[in-house]
1. Whole number please: convex hull volume per residue, Cα atoms of the chain, in Å³.
2. Along the positive direction of the dipole of the range 18-108 (beta-carbon charges: Lys, Arg +1; Asp, Glu -1; about the Cα centre), which of 62, 27, 79 reaches farthest?
3. Which is the longest run of the chain containing none of the chymotrypsin sites (Phe, Trp or Tyr not before Pro) found in DSSP loop states (not H, G, I, E, B) with at most 10 other C-beta atoms within 10 Å?
4. Could you identify which residue out of 44, 30, 56 has the top mean-square fluctuation in a GNM of the chain using Cα springs shorter than 10 Å?
5. Would you kindly state how much longer the chain becomes between residue 109 and residue 71 on full extension, computed as 0.36 nm times their sequence separation minus their alpha carbon distance, in nm to one decimal?
6. Report the extension gain between residue 84 and residue 13 in nm, rounded to one decimal, defined as 0.36 nm multiplied by the number of residues separating them, less their alpha carbon distance.
7. Using R₀ = 30 Å, calculate the FRET efficiency as 1/(1 + (r/R₀)^6) where r is the Cβ-Cβ separation of residue 62 and residue 3; round to 0.05.
8. Could you tell me the relative contact order of the chain? Use alpha-carbon pairs under 8 Å, at least six residues apart, and round to a whole percent.
Amino acid sequence: MKNFGYTIQNDRQIDYDKNDTKLYDFVAESEKSIRTCIFCGTCSATCTASKFTDLSLRRIILYLKRGLNESLKKEIESCMLCGKCNLACPRGVNTRNVILNIKRGIEHYEL
Ligand code: SF4
Ligand code: SF4
């Protein structure tokens, strides 16, 4: 086959039916407002900790939804639970409680 210097990219489709959503379900059970998140990133833009660390609450919620629980564990440690993101969220997500419940879920499932 002729080499054109590029290839077809691997499929990056996300199959939500195959995701491990137990942690997401655990959080959504006690903090229902997480279901209204539209991943706009306002929380991450206002987060003080994100200026000094890799913390991004938007990414954490995305990981949570995709069942990538291992990936969010380290990142969430940088959160100071200050609640600033809570004030900025345009969808009224109780982000501070979301983070608290993620931490509880990690302990609960011993992730
Ligand atoms: S600001 Fe609110 S809606 Fe936007 S990504 Fe953060 S939690 Fe989701
Ligand atoms: S509660 Fe955590 S994620 Fe939200 S602004 Fe404060 S440090 Fe950032």
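1. Working: hull volume 16.0 nm³, N = 111.
Here the figure is 144 Å³ per residue.
2. Of the candidates, 62 comes out farthest on the positive side.
3. Working: sites that count: 4, 6, 52.
Excluding the exposed sites themselves, the longest stretch runs over 53-111.
4. Maximum among the listed residues: 30.
5. Details: separation 38, 0.36 × 38 = 13.68 nm, distance 1.52 nm.
Gain on extension, residue 109 to residue 71, equals 12.2 nm.
6. Values: separation 71, 0.36 × 71 = 25.56 nm, distance 3.34 nm.
The span from residue 84 to residue 13 would gain 22.2 nm if fully extended.
7. Details: r = 36 Å, r/R0 = 1.19.
Once the sixth-power term is evaluated, E becomes 0.25.
8. 33 percent
The numbers here are math on the coordinates, done by the rules we state, and not lab data. Note that this is a predicted model, so its numbers are computed, not measured. Cβ atoms come from the backbone with ideal geometry, glycine included; neighbour counts cover every protein chain shown.
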